[in-house]
Structure formats: C-alpha cells, structure tokens
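Read-outs throughout are calculated quantities, based only on the coordinates presented, and are distinct from any laboratory measurement. The model shown is predicted, which means the values in this text are computed figures rather than measured ones. No Cβ is skipped: glycine too gets one built from the backbone with ideal geometry, and neighbour counts run over all protein chains shown.
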Amino acid sequence: MSSPRPARFTALVGDATHVLEVEDLGDGRFRIAIDGRERIVDSRETGTGTFSLLIDHAASEVSVTSRGEEFQVAVGGRTHRLRLLDERAVRRRKSAGTADGAREVRAAMPGKVVAVLVETGATVERGQGLLVIEAMKMENEIAAPRAGIVAEIRVKPGQNVEAGELLARID
C-alpha cells in the first residue's frame with residue numbers, strides 16, 4: 001500500500017510566495033517542506049487553536065486562527081499573517097488575476113489592546129506596527145499585512161478582544 005500524496009499549498013506571506021508540502025506521518029507527526037527545506041514536526045493540540053510544536057528538538061507554543069484562506073499564526077511574541085491556497089485555488093487566482101482590495105486585520109487570539117500605534121488615515125508600509133495586544137502574558141505587535149492607508153481602527157487601548165475579531169482595515 002502506498003502512502004497518500006502530500007498536500008501541496010502556496011503560502012502568500014506579504015509579497016512573498018512559498019511552496020508548502022505537508023505529509024501526515026501519523027501520531028501527530030508531519031513532514032513539512034517549505035520551498036524544499038524539510039522538517040519533521042511533532043504537533044500536539046494544547047487547546048482550541050493552540051499547539052505545542054517540536055521542531056529540530058526546539059519546542060514552540062503556537063496559536064492559529066483562520067478565516068477561509070486567511071491565517072494568523074502567533075509564535076514567539078509575533079503574529080504572522082498568511083494566505084494558504086491549495087492547488088485549485090492557485091489555478092483560480094492565476095486565471096482571475098490578483099485584485100488587491102481592502103485588507104482586514106483580525107486578532108489571532110483573545111487578549112487586551114495595550115496600544116494603538118497608528119491613526120485612521122495614516123499611510124503604513126507592509127510590516128509596520130499597527131497595534132499591540134497582550135495575550136498569554138506576552139505583548140504581540142500586530143503588523144500591517146500590506147502597504148496602504150489605515151481605513152479604520154476598531155479598537156482602543158484597554159479593550160478586550162476575541163480571536164478573529166476585526167481590529168483594523170487597510171485600503
């Protein structure tokens with residue numbers, strides 16, 4: 001019996017595109033290849049949307065929230081936003097062109113807004129800090145997913161937010 005074919009994805013992180021292959025090895029272990037660089041990952045779910053990962057003998061706690069193809073991954077005090085497209089979605093995207101409209105910035109996990117670093121109407125660069133949220137006793141800077149103009153800030157310092165809650169919009 002042959003093993004199932006690895007799942008193939010295209011990960012869009014800001015302006016960068018990465019080829020991702022994921023093969024389930026069973027018992028919470030995965031072979032993951034990002035742009036051809038392979039790692040074996042031992043994964044254990046520790047809560048809803050939170051995982052303990054062991055990669056090359058290094059342990060990390062990771063929180064993941066998703067909305068369709070959009071993912072926010074919080075690890076090591078930083079939040080990373082990415083879009084994960086399967087092979088069919090990549091073909092659809094190529095045939096439709098790449099429209100670049102407003103981008104929503106959502107909370108990766110529940111927390112408390114510590115600071116708002118920009119105002120509505122401000123011009124921001126991709127990766128520029130927008131907000132700081134305290135979650136799991138760590139402060140996480142939420143960065144702009146793209147260059148643009150801050151169309152809306154939906155939170156204030158001291159406000160509690162839930163995972164997936166809309167924080168800001170960049171046009």
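Assorted remarks:
- Under the Karplus curve 6.51 cos²θ - 1.76 cosθ + 1.60, θ = phi - 60°, whole-Hz ³J(HN,Hα) for the stretch 66-83, x wherever Gly or Pro sits: 9, 8, x, 8, 8, 10, 10, 10, 9, 8, x, x, 10, 10, 10, 9, 8, 10
- Top positive-direction residue, dipole computed over the chain with Cβ charges, set HIS80, ILE170, PHE30: ILE170
- Separation of the stretch 1-40 from the stretch 126-150 is 27 Å, based on Cα centroids.
- The stretch 23-30 - phi-based ³J(HN,Hα) in whole Hz, Karplus 6.51/-1.76/1.60, Gly and Pro as x: 10, 6, 8, x, 6, x, 9, 9
- Using θ = phi - 60° and Karplus 6.51 cos²θ - 1.76 cosθ + 1.60, couplings along the stretch 147-161 (whole Hz; Gly, Pro as x): 6, x, 10, 5, 7, 6, 10, 9, 10, 10, x, x, 7, 7, 10
- Computed from Cα positions, the angle between helix 87-96 and the longest principal axis of the chain comes to roughly 50 degrees.
- The Cβ shell under 9 Å around ARG31 holds other residues with a net charge of -2, Lys and Arg each +1, Asp and Glu each -1.
- The dipole here belongs to the stretch 7-170: it is taken about the Cα centre, uses +1 on the Cβ of Lys and Arg and -1 on the Cβ of Asp and Glu, and is about 440 debye.
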